[in-house]
Amino acid sequence: MTDPDETRRAELVALVHADYDATRSMIDGVVRTSIALRGLGVTLTLALLGYAVAHSSFALGLLALASTWLFLYLDAFHGWLYDEARRRARSVEHVLRLRYQQLERGDEDPDARRDLDRALAAHRFGQYLTLPRFRWRLLLRARPRAVYVLVYGSLTGLAIAAAAYGALT
Amino acid sequence: MPLADNPEILRPPIGFAVRITREEAIDPAKQRERLPGLLQFVRTFAGKLLKEEFGTTIEGYPEAARGKTDELRVRLRDQDAASAPARQLLTVLSDLMEVEIEHQEASPENDPAEQEDFHDAILTFIQRLLDRFAEYAAATDHLPKVGKEAKRGGAEFAKAAARLAL
């Protein structure tokens, strides 16, 4: 005879799987968009910088600076989304791991079933329902941080230098 | 050579728990920050236990050790039902090794949520380690003192964990 608790557990785990698929899709989408944005931002800003230096233009230097910061914002927004999805993926994988352990260990782990039941009860279903409302300070959680510092830090420095060069010549 | 029946081997987690339960006023958040220190005890304990009780030497810790611990558990399945306490003990050792692996792989930034999960996992698994070690020791005939100490430690640790629950 089928254990009704086990049937319920299996159905809940199937829903967690659906959640995991949604999270993976979100990560894929966010990473793709982020890479495209970064490429576009760097290309556009470098073009503006080249033009600013070639024409000794203070205004174009400032425009390059504004473009850098605009793309930094857009990229960091996606970086924040990535971080949220990454955390979510970890938490969903934790539930799936407990299921794996429960099945693999059986009686060898008397706490495995209870751990899984607790995790299933605590699981908040829905990738988008659980996404926090955007706030500016959340951009600080954007990842990968080193890329922002390196790419946008360099572009900001170059834009300031180009604007200064335009103003002085 | 079997493990020596010396309760001193369990001093780090039991000492930690006793200090928490005896102190009148504690700062739970500060005490929880000391929990990762207990993973050093797990490393020493696991190495000694696996070598002396199961004849398994571990070299790389925690990744390789975790693999060897699970292999040993599966090997013990083929033996009689009397190996059940040993296998239950090995599952919790494997969990503790996994906690250490995950912590190494976690984000380098101090993420409060990840830190809390990490501390909760240490509390849960050390408690289980003491409880299951007490059961394992009771099933052998050469660890009466250590088994008794593990049982006492499990009870102390449960009280400490309740005090540290945020």
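Bear in mind these aren't lab numbers, they're just calculated from the coordinates by the rules spelled out. Quick caveat, the model's predicted, so the values are computed rather than measured. Please note: Cβ atoms are built from the backbone with ideal geometry, for glycine as well, and neighbour counts cover all protein chains shown.
Quick notes on this one:
- Of everything in the stretch A:16-35 that is hydroxyl-bearing (Ser, Thr, Tyr) and in contact (Cβ under 8 Å) with a residue 24 or more places away in the chain, the residue that is farthest from residue A:151 (Cα to Cα) is A:20.
- For the stretch A:144-157, filtered to residues that are within 14 Å of another protein chain (Cβ to nearest Cβ) and in a helix (DSSP H, G or I), the residue that is nearest to the chain's Cα centre (by Cα) is A:145.
- Meets criteria (free of Cβ contacts under 8 Å to residues at least 60 places away in the same chain, at the interface with another protein chain (Cβ under 10 Å from one of its Cβ atoms) and touching an Asp or Glu at 6+ places or on another chain (Cβ under 9 Å)) for residue B:94: yes
- Residues that are in a helix (DSSP H, G or I), of a type in the set (A, V, I, L, M) and touching a helix residue (DSSP H, G or I) at 6+ places or on another chain (Cβ under 6 Å) within the stretch B:122-155 comprise B:122, B:123, B:126, B:129, B:130, B:134, B:137, B:138, B:139, B:146, B:150, listed in sequence order.
- In the stretch A:114-123, residue farthest from the other protein chains (Cβ to nearest Cβ) [restricted to those that are within 17 Å of residue A:6 (Cβ to Cβ) and in contact (Cβ under 8 Å) with a residue 24 or more places away in the chain]: A:120
- When residue A:76 is tested against (1) over 15 Å from the mean Cα position of the chain (by Cα); (2) of a type outside the set (D, E, K, R); (3) away from every other protein chain (no Cβ under 14 Å), just one condition goes unmet, and that condition is (1).
- Against the conditions (1) closer than 19 Å to residue A:93 by Cα; (2) more than 14 Å from every other protein chain (Cβ to nearest Cβ); (3) not β-branched (Val, Ile, Thr), residue B:157 satisfies every one except (1).
- Qualifying residue in the stretch B:84-98 (condition: outside any helix (DSSP H, G or I) and under 30 Å from residue A:144 (Cα atoms)): no
- In the stretch B:100-129, the residue that is surrounded by the fewest Cβ atoms within 10 Å (Cβ to Cβ) out of those that are aliphatic (A, V, I, L, M) and out of contact with any Leu (no Cβ under 7 Å at 6 or more places or on another chain) is B:113.
- Considering residues of the stretch A:104-113 that are at the interface with chain B (Cβ under 10 Å from one of its Cβ atoms) and in a helix (DSSP H, G or I) only, the residue surrounded by the fewest Cβ atoms within 10 Å (Cβ to Cβ): A:107
- Inter-residue pairs, beta-carbon under 6 Å, first within 12 Å of chain B (Cβ to nearest Cβ) and in the stretch A:88-103, second crowded, with 16+ Cβ neighbours inside 10 Å and of a type in the set (Asp, Glu), 6+ apart: A:98/A:115
- Hits in the stretch B:130-149 - residues which are surrounded by fewer than 22 Cβ atoms within 10 Å (Cβ to Cβ) and not acidic (Asp, Glu): B:138, B:139, B:140, B:142, B:144, B:145, B:147, B:148
- Selection status of residue A:44, in contact with a helix residue (DSSP H, G or I) (Cβ under 7 Å, 6 or more places away or on another chain) and away from chain B (no Cβ under 14 Å): yes
- Test result for residue A:163, in contact (Cβ under 8 Å) with a residue 12 or more places away in the chain and surrounded by 14 or more Cβ atoms within 10 Å (Cβ to Cβ): yes
- Summed over the stretch A:124-143, the residues that are in a loop (DSSP other than H, G, I, E, B) and within 14 Å of chain B (Cβ to nearest Cβ) give a count of 5.
- Residue within the stretch B:31-46 that is part of a loop (DSSP other than H, G, I, E, B) and closer than 25 Å to residue B:159 by Cβ present: yes
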